[in-house]
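The values are calculated or read from the model by the stated rules, or taken from the named source; none is laboratory data. These numbers were taken from a predicted model, which means no experiment stands behind them. All Cβ positions, glycine included, derive from the backbone under ideal geometry; neighbour counts span all protein chains shown. Side chains are part of the model used for accessible areas, which takes the heavy atoms of the whole protein and leaves out ligands, DNA and RNA. Shrake-Rupley method; radii C 1.70, N 1.55, O 1.52, S 1.80 Å.
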Amino acid sequence: MNKVGFFQSVRLKLILVYILLLLLGIQVIGAYFAQNLENNLEQNFKNSINDRVQWLTYSLTQAFENEKDRTDDEVSLEEEVQGILGDFDSSDIQELFVVDKNSRILATYGQQYDQQDNVGQKTRDSLVQSTLLLGDPKDKIFVDEDNDRIFVRTFPITVDDETVGAIYLRARMNEIYTQMSEINGIFAKGTLISLTITALLGILVARTITRPITEMRKQAKKMAAGDFSQKVNVYGSDEIGQLAVTFNDLSDKIQLAQATTEGERRKLSSVLSNMSDGVIATDRLGAITLMNKPASNLIGQSFEDVQGQSLFDVLDLNDQISDISEVQDTGSMLVDMSTDEQYMVLKANFSYVLDERQNMNGFISVISDVTEQEKVERERREFVSNVSHELRTPLTTMRSYLEALTDGAWTDKEIAPRFLEVTQNETERMIRLVNDLLQLSKMDSKGHELFKDRVEFTEFYHHIIDRFEMNKEEGITFERNLPKETIYVWMDKDKITQVMDNIISNAIKYSPEGGTIRFKTQKFYNKLQISVSDEGMGIPAEKVDKIFDRFYRVDKARTRKLGGTGLGLAIAREMIEAHHGQIWAESKENKGTTVHFTLPLVKKKRRGSA
C-alpha cells in the first residue's frame, strides 16, 4: 500500500473544510455588510445633496415669486437666478441648471458648461419634463463613458402650488465607491489574516483528529502482514478514542480467529497430505481450486498444471456428465485413466459444497485407485467364465456319449468300450480340474501350509529328471547341465516336486519329435535359479507373461487335446511365490520356451547349525 500524500490526506480535507466554512461565513457577512454599507452611503450622499439643494430651491422659489412684481429697472429673473447659482458652492455637483415652466434654461452651474452656452435654450431631458409635468422630484443613477457612476436628480420649483420651474443636477458618486473599495480592501486583508490563522489552527486540530487514524492505518497494514503485537494508542474517550478501543478489540479477535483458522488449515493440510485417497476441490463452475498430493499422483499431473481447468476435462468425464448439476445425482463413477503402458481405474465420489445461503458454491471430489479391485473383479468374472467353459466341454462330451450308449450303442462291443473310455477320460479331466481349483482356492485363502526342510537340490533335481526320463518318448532327449557341488535350499519337497512335474510335463508335451529338453541350475548371491528349456513351438512375445494366468492357453485346442486344465502354471506361480521366489518364462516362436524359477538358498550359518 502506497503512502498517502499530504494533498490526498484527510488532514488536508479537514483544513480545507475549516477554511471553506470560514470563507463562506466571511463572504456572507461581507456581502451583507457591503450591501448595507453601499445603501447607507448612497442614502447619505442623496440626503447631503437634498440638504444643499433645499436652500437653493428656497431661494429660487423667492425669485420666481418676485417675477410677478418685477419692474424693468430691476434685475431680470435670469440674472437673479444666475446670481443665486453663483453663490451656490458644492464640489460634489458636477452640473446644475434651472429651467422655467417652458423648459427654457435660465441659468447653469458647473465646470462642464460655460455659463452662457445653454442659457435660453430648451432642454428635452425626460426627468425635467416629468418633473415640470407632475411636479414631483425625479432621480436616476447611470454609468458614463468614463465608467463613473453619475447621480441625476430634478427638483420642482412651485409657487402657489404651481410648478413654475425645475432644478436639474448631476453629481459624481466616486467618493462613495472609493470608500467602498477601501473598506473592501480592509475587509479582504482581515479575511486573509483570518484564513491564515484558521489554516494554522486547522492543521493543529486536523492533526489531533488524524493522528489516531494514521496510527490505526499503520497498525492495519501490520495486521494485514500478520503482525498483531502492537496496539493503537487511545488519546481520549470521544468517538475517535472509542474507535481506537474498538480497533484494538478487533485486532485481538482477528488474531484469535487467524490462529484458529491457521490451526484448522494445518490440520486440514495434514489430513489431505496424509490421505491415501486424492481430494480435488472446485468452484461452482467446476474449475479446480485445490488438489492434494495423492490426487496429483493418481491423475499424473501437478496442481499447478491443472489449476483453473475444468475437472470434467482433467478426468475426461464429458461423455458421462453433460451438465454440472448432474454431479450430485451421479454420486460416484468409475474413471478409466488407462494408457497403452498401464491399466488404471479410478473411482470418483462427488459431494456439493454449500454457502451460507445453501446455494451450491462448488464440489469436492474424492478419487481412489480401484485398479486392483477392478482387476480382481475382472479376473473373477473371467475365472467364472473359464470354469464354466472348462466344465461344460467335458460334460457336453460325456452327455453325447452317454446318450449314444443309452440309444443302444452299449450293445456294440467295439463302440461301447471306446465310448466308455472317452467318458472316463473326461471324468478324470474334470476331477483334475476340480482338484486344481481346490488347490488354488486354498492358496488364495492362505489355507495351505508349507512343510519346509533343508534339501540338497542337485540330488533332488536328478531324481525328478530320472523319473521323467524313464517314461519319456524315445524321440525326446534330456540334457542336464547341473553342478556337481552340494547345494542346499529351504523348501517344501512335495510342493516343489509338483511345480517341477508341471514344468517338465509341459516341456515334454510341447517338444517336437527329436527335440531336446535342457535342465540347468545356476547360483546367485542368495538364491538358486532353476531353468527348464524345450525346443517346442514357442510363445509370442506379447503372450509370454500371460501363461501364468489361470485358464490361459496359448493354443487352447492343442492344450485340451493334451489333457491340460490351464491351471498348472498358475499353481506353480502361487507355490514359488509362497517360497519367496520368482517364476518367469522366456520364449521365441518356433525356437522353444525356457521356464525359470528361483528358490532361496540355505544360509551357511543355518546349514552349520543344522
In straight Cα distance, which aspartates and glutamates are under 18 Å from Lys122, not counting same-chain residues fewer than 8 positions off? Glu78, Glu79, Glu95, Asp100, Asp114
Which FRET efficiency value, to the nearest 0.05, do you get for Lys13 and Ser273 by plugging their Cβ-Cβ distance into 1/(1 + (r/R0)^6) with R0 = 56 Å? 0.65
For the stretch 11-179, the Rg and Dmax computed from alpha carbons only, in angstrom: 22.0, 90
Out of residues 5 or more away from Thr158 or on other chains, whose amide H comes under 5 Å of its own, with H placed 1.01 Å from N in the peptide plane? Val164
Spelling it out for Gln94: with amide H atoms placed in the peptide plane at 1.01 Å from N, the residues 5 or more places away or on another chain with amide H under 5 Å from its amide H are Arg170, Ala171, Arg172
From a point 7 Å beyond the Cα of Arg207 in the direction of its Cβ, which residues of the stretch 13-43 have a backbone N at a distance under 16 Å? 13-16
With a probe of 1.4 Å, find how much accessible area the stretch 143-202 has per residue, and write the answer as a whole number in Å². 54
Packing-wise, with mean Cβ within 10 Å as the measure, how do 287-297, 181-191, 496-506, 48-58 rank, highest first? 496-506, 287-297, 48-58, 181-191
Roughly how many Å² of Thr339 are accessible to a 1.4 Å probe, to the nearest 10? 80
Once R0 is set to 25 Å, what does the formula 1/(1 + (r/R0)^6) return for the Cβ-Cβ distance between Asp453 and Thr594, expressed as a FRET efficiency to the nearest 0.05? 0.35
Candidate aspartates and glutamates for bridging to Lys413, where Cα separation is under 14 Å - those fewer than 8 sequence places away on the same chain excluded: Glu421
Could you tell me what percent of the DSSP beta bridges with both partners in the stretch 449-600 are antiparallel, to the nearest 5? 80
When all protein chains stay in place, what accessible area (Å², nearest 10, 1.4 Å probe) is found for Arg418? 130
Length gain on complete extension for the stretch Ile254 to Ser126, per 0.36 nm per residue less the alpha carbon to alpha carbon distance? 37.4 nm
Which aspartates and glutamates does Lys603 reach when only Cα atoms under 16 Å apart count, and residues fewer than 8 places away in its own chain are ignored? Asp453, Glu456, Glu485
Most to least packed among 225-232, 148-155 [average Cβ atoms within 10 Å]: 148-155, 225-232
For the stretch 449-600, what is the accessible area per residue in Å² when the probe is 1.4 Å? 53
Euclidean distance of C-alpha centroids, the stretch 246-306 and the stretch 496-554, integer Å: 55
Would you mind checking which residues have amide H under 5 Å from Val279's amide H? H placed 1.01 Å from N; only 5 or more apart, or other chain. Asn292, Ala295, Ile367
Considering only protein heavy atoms and a 1.4 Å probe, what is the carbon-and-sulfur percentage of the accessible area of the stretch 11-179? 47
If I ignore ligands, DNA and RNA and count only protein heavy atoms, how much of His463 is accessible to a 1.4 Å probe, in Å² to the nearest 10? 120
In whole Hz and in residue order, list the ³J(HN,Hα) couplings for the stretch 351-361 that follow from phi through the Karplus curve 6.51 cos²θ - 1.76 cosθ + 1.60, θ = phi - 60°; x for Gly and Pro. 8, 6, 10, 9, 8, 5, 9, 6, 9, 5, 10
